[in-house]
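Comments concern the structure below.
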Amino acid sequence: MTLISNHLPTAELQALDAAHHMHPFTNGGELEAKGARVITRAKGVTLTDSDGNDYLDAMAGLWCVNIGYGRDELAEAAARQMRELPYYNTFFQTTHVPAIALAQKLAELAPGDLNHVFFAGSGSEANDTNIRMVRTYWAQKGQPEKNIIISRKNAYHGSSVGSGSLGGMTFMHEQGGLPIPNVHHIDQPHWWAEGGDTSPEEFGLERAGQLEKAIKDLGVDRVAAFIAEPIQGAGGVIIPPETYWPEIQRICDKYGILLIADEVICGFGRTGSWFGSNTLGIRPHIMTVAKGLSSGYAPIGGSIVCDEVAQVINNCEFAHGYTYSGHPMTCAVALENLRILQEEGIVDRVASHTGPYLQEKWRGLAEHPLVGEAPIVGMMGSIALTPDAARRAKFAADQGAAGLKCREHCFRNGLVMRHVGDRMIISPPLVMTDSEIDTLVDRAWTALDLTLAQLKKEGLMEAAE
Ligand SMILES: *Cc1c(COP(=O)(O)O)cnc(C)c1O
């Protein structure tokens with residue numbers, strides 16, 4: 001049936017990959033020299049590559065495989081739906097049962113009066129929807145100039161032109177003429193790296209206060225919305241000080257600014273509740289969802305919208321949508337995923353057992369001599385690698401070099417852990433057993449030992465001034 005199978009030798013697969021496949025966020029030359037790692041199958045929390053090596057996947061793919069790999073129920077939901085109605089659109093006053101059922105289910109799970117769903121094919125698309133939706137909202141209310149969206153440096157909201165502009169990654173803005181106009185970035189609440197001598201509490205207030213200052217500087221009649229991840233994910237799993245979100249909420253309330261919570265990572269149990277907004281006490285007008293919505297089994301995203309915004313948008317013809325908005329197969333897969341998360345008590349268990357168990361072990365990594373902090377909420381955590389924990393120092397050598405070495409040691413020891421600069425991050429499947437968590441943390445400790453030894457040997461444990 002297929003011309004290229006798992007059974008081709010790895011080197012051949014790698015050569016074909018390098019010849020024809022352009023990878024996201026990858027240096028093609030380096031990839032061609034090294035050869036891509038070919039993942040052939042996965043079950044539970046374990047990946048297998050084309051050479052038969054197993055890896056514990058502490059990243060749940062790309063933050064998304066919340067229920068773990070290999071759930072037949074989702075494959076069956078997809079097959080059943082594809083036989084019955086593989087595709088129909090939701091444009092021009094048509095609908096179908098999977099889109100209706102998933103929208104209703106999301107309205108039930110989402111907090112407050114977030115009762116309306118606009119579907120997309122990914123998180124990036126959903127955030128593009130949000131840009132147009134909040135601007136259209138204010139235009140419909142007679143304030144078309146109220147079109148600036150405030151975001152944060154080092155935020156990640158996707159990689160399309162719109163969502164990449166919302167994001168605050170400068171290395172992304174350098175390519176392709178980003179950001180689009182009328183997006184403004186304030187500083188991130190990253191106390192460990194940027195807090196200096198202030199306490200975390202003071203720092204949280206200072207960084208949140210930048211939102212109020214920006215609203216005043218830009219003019220409240222110009223600012224449409226503020227967008228943020230409850231906990232920054234791709235930026236390095238940065239957990240804000242406790243003072244941060246209450247102050248952000250106060251400011252959004254005071255000035256009547258729409259608040260968009262980008263729940264693409266934090267949603268669907270990652271932080272120990274259905275949404276990061278529940279965990280952190282945020283009351284957004286719109287939530288962006290994707291990733292864990294289908295546990296990555298099918299590409300789907302969406303915006304979950306409050307009554308007030310939905311009413312205004314529904315009062316006009318919102319000239320926006322994607323061919324695959326509310327795609328029946330992806331909706332059926334997402335519904336089945338939500339059923340499993342709910343009926344098997346997986347989200348509840350993150351709060352009552354799996355999260356606390358992982359957290360206790362994870363925080364123990366802070367004792368390692370290479371580690372500056374090991375914060376974690378629910379099942380998303382990070383560790384800061386540092387040559388001098390007491391001073392919260394950066395490495396004098398290339399930033400990210402230590403993180404990259406650590407990631408390589410992880411891979412060699414059967415663990416997938418990502419690095420963002422010199423921060424290691426995890427976001428494992430929510431279904432990990434206690435013994436799998438033990439293995440994860442043991443392998444992380446081993447990788448830290450090996451990284452420390454290598455850094456010492458190469459004379460790279462110098463701190464930057
Ligand atoms: C991954 C991510 C996105 C983008 O989602 P895609 O499905 O990759 O387009 C948006 N926001 C956050 C917080 C993400 O982590």
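Inside the range 312-333, can you point out the residues that are at negative phi and in contact with a strand residue (DSSP E or B) (Cβ under 9 Å, 6 or more places away or on another chain)?
Ile313, Asn314, Phe318, His320, Tyr322, Tyr324, Ser325, His327, Thr330, Cys331
Report the residue count in the range 112-139 for those that are touching a helix residue (DSSP H, G or I) at 6+ places or on another chain (Cβ under 7 Å) and near the ligand (Cβ under 10 Å from one of its atoms).
5
Looking only at residues in the range 450-459 that are in contact (Cβ under 8 Å) with a residue 24 or more places away in the chain and surrounded by fewer than 18 Cβ atoms within 10 Å (Cβ to Cβ), which one is farthest from Asp398 (Cα to Cα)?
Leu450
Looking at Gly209, Gly142, Gly167, Gly158 in this structure, which one is closer than 22 Å to Pro240 by Cβ and more than 16 Å from the ligand (Cβ to nearest atom)?
None of the others qualify; the one that does is Gly209.
Condition check: under 24 Å from Leu341 (Cβ atoms), more than 16 Å from the ligand (Cβ to nearest atom) and of a type in the set (Phe, Trp, Tyr). Does Tyr87 satisfy that?
So Tyr87 does not fit the description; no.
Take residues that are open to solvent by 60 Å² or more (accessible area, probe 1.4 Å) and tell me which of the helices (runs of 4 or more DSSP H) falling wholly in the range 44-109 contain 2 or more.
So the answer is 72-84, 97-109.
What's the total number of residues in the range 324-355 that are among the aliphatic types (A, V, I, L, M) and over 19 Å from Glu84 (Cα atoms)?
Counting residues in the range 324-355 that are among the aliphatic types (A, V, I, L, M) and over 19 Å from Glu84 (Cα atoms) gives 7.
Mind checking whether some residue in the range 385-401 is assigned to a strand (DSSP E or B) and surrounded by 20 or more Cβ atoms within 10 Å (Cβ to Cβ)?
yes
To keep it simple, each residue is scored yes or no on (1) in a helix (DSSP H, G or I); (2) in contact with a Lys or Arg (Cβ under 9 Å, 6 or more places away or on another chain); (3) at pLDDT 95 or above; (4) over 25 Å from Asp197 (Cβ atoms).
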site	(1), (2), (3), (4)
Cys410	yes, yes, yes, yes
Met432	no, no, yes, yes
Asp438	yes, yes, yes, yes
Arg443	yes, no, yes, yes
Lys456	yes, no, yes, yes
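Restricting attention to the range 349-363, and to residues there that are of a type outside the set (Lys, Arg) and touching a residue at least 24 places away in the same chain (Cβ under 8 Å), which single residue is surrounded by the most Cβ atoms within 10 Å (Cβ to Cβ)?
Looking at residues that are of a type outside the set (Lys, Arg) and touching a residue at least 24 places away in the same chain (Cβ under 8 Å), I get Leu358.
Quick one: is Ile186 among the β-branched types (Val, Ile, Thr) and buried (at least 17 other Cβ atoms within 10 Å of the Cβ)?
Yes: the conditions hold for Ile186.
Any residue in the range 156-178 that is touching a residue at least 60 places away in the same chain (Cβ under 8 Å) and within 13 Å of Glu125 (Cα to Cα) sitting within a Cβ distance under 7 Å of a residue that is of a type in the set (D, E, K, R) and within 11 Å of the ligand (Cβ to nearest atom)? List the pairs, counting only those 6 or more apart or interchain.
His157/Asp262
The values are calculated or read from the model by the stated rules, or taken from the named source; none is laboratory data. Computed from a predicted structure; not experimentally measured. Glycine also receives a Cβ, built like all others from the backbone with ideal geometry; neighbour counts cover every protein chain displayed. All accessible areas refer to the heavy atoms of the entire protein, side chains included, with ligands and DNA or RNA removed. Shrake-Rupley method; radii C 1.70, N 1.55, O 1.52, S 1.80 Å.
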